[in-house]
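Report on the following structure.
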Amino acid sequence: MITRFAPSPTGPLHLGHAYSALTVWGVAQRHAGTALLRIEDTDRARAKPIFENGIYDDLRWLGLEWPAPVRRQSDHLADYEAVLATLGARGLLYPCSCSRRDIVNAGAKSGAEGLVYPGTCRKRSMDSANPGDAIRLNIATGLDQLGPLRSFVERGSGLPVKHQISPAFLRDSFGDPVLKRKDSGDIAYHLACVHDDALQNITHVVRGMDLWALTPFQVFLQQLMGWETPQYLHHALITDADGKRLAKIDRSRALSKYRSEGASPNDIREMINLPLSSC
Ligand code: GLU
């Protein structure tokens, strides 16, 4: 059993991350498995070494350990480009020059990942790609190439529940996700994350409910690439006293702040009130 904690170093870790990390290591411990740490830093403008170092410090302070070396995604961009080349050769990609405003003006509705792309550039071929274009995955072509879609198992409630992915849901909720971002050329989260889960033989993806809605698309990408689908365990998100989700931008709750104010790792465990899960 192998699981992972995969933070993006785009801000300080907060209590929500501590909750997630302790859940990941707790699940690994209960299964006598391994918890890996992975740094998801493909967003080159927002990822900063200072936040990456903060992740190592905060997790060590919480008493967590992980095998070396840590996979840092920005060191492996050629791997992700190779996936793009494979998908491109199968006619699954197209370039897109639409701005957010173009997408709104085309009447896009909201879906699992923000606005559902209405397909304005879908007819373009990769030969027409210009520097700065985004690269999107053509879901309809992908559906044509696959047989029946996979299901996946979710264990977040404690019991395994099987979820069947429907073609209509993929088409209507995702609208051809971006795999390479406009202007920056950054590799998008889905591609790097799903590639690495397969490469690292992750058997259980343990992460917050905020990523639940993206799971069907990630499983679809695994199926397109012929990669195994892990089991999923999406945990609840901790909320503050007002019931608001703790956000990364809520700096006042950064773990390092608690630490500098004299809190102990046990105080953090008490604060986040980690349930003893049977997962
Ligand atoms: N890097 C993602 C984040 O920080 C998490 C990815 C995942 O666990 O699948 O939100």
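If the requirement is being over 17 Å from residue 189 (Cβ atoms), among the small types (Gly, Ala, Ser), open to solvent by less than 10 Å² (accessible area, probe 1.4 Å) and away from the ligand (no atom under 11 Å from the Cβ), which of these qualifies: 78, 18, 89?
18
Scanning segment 221-244 for residues that are farther than 18 Å from residue 191 by Cα, within 13 Å of the ligand (Cβ to nearest atom) and either modelled with pLDDT of 95 or more or surrounded by fewer than 17 Cβ atoms within 10 Å (Cβ to Cβ) (or both) yields 233, 234, 237. Selection of segment 21-51 for residues being part of a strand (DSSP E or B), buried (at least 19 other Cβ atoms within 10 Å of the Cβ) and away from the ligand (no atom under 11 Å from the Cβ) yields 35, 36, 37. Tell me which residues, restricted to segment 178-220, are within 11 Å of the ligand (Cβ to nearest atom), buried (at least 17 other Cβ atoms within 10 Å of the Cβ), of a type in the set (A, V, I, L, M) and assigned to a helix (DSSP H, G or I). 192, 194, 214 - these are the residues of segment 178-220 that are within 11 Å of the ligand (Cβ to nearest atom), buried (at least 17 other Cβ atoms within 10 Å of the Cβ), of a type in the set (A, V, I, L, M) and assigned to a helix (DSSP H, G or I).
Within the bounds of segment 195-204, is there any residue that is over 16 Å from residue 71 (Cα atoms) and at pLDDT 95 or above? Write out each step before concluding.
Within segment 195-204, the subset over 16 Å from residue 71 (Cα atoms) is 203-204.
If we keep only those that are at pLDDT 95 or above too, we end up with 203-204.
Looking through segment 195-204, at least one residue is over 16 Å from residue 71 (Cα atoms) and at pLDDT 95 or above.
The residue that is surrounded by the most Cβ atoms within 10 Å (Cβ to Cβ), counting only those in segment 1-15 that are over 22 Å from residue 236 (Cβ atoms) and within 10 Å of the ligand (Cβ to nearest atom), is 9.
The values are calculated or read from the model by the stated rules, or taken from the named source; none is laboratory data. Because the structure is predicted, anything quoted here is derived from the model rather than measured. Quick reminder, even Gly has a Cβ in these numbers, built from the backbone with ideal geometry, and neighbours come from all protein chains shown. Surface areas here come from the heavy atoms of the whole protein model, side chains and all, with no ligands, DNA or RNA. Shrake-Rupley method; radii C 1.70, N 1.55, O 1.52, S 1.80 Å.
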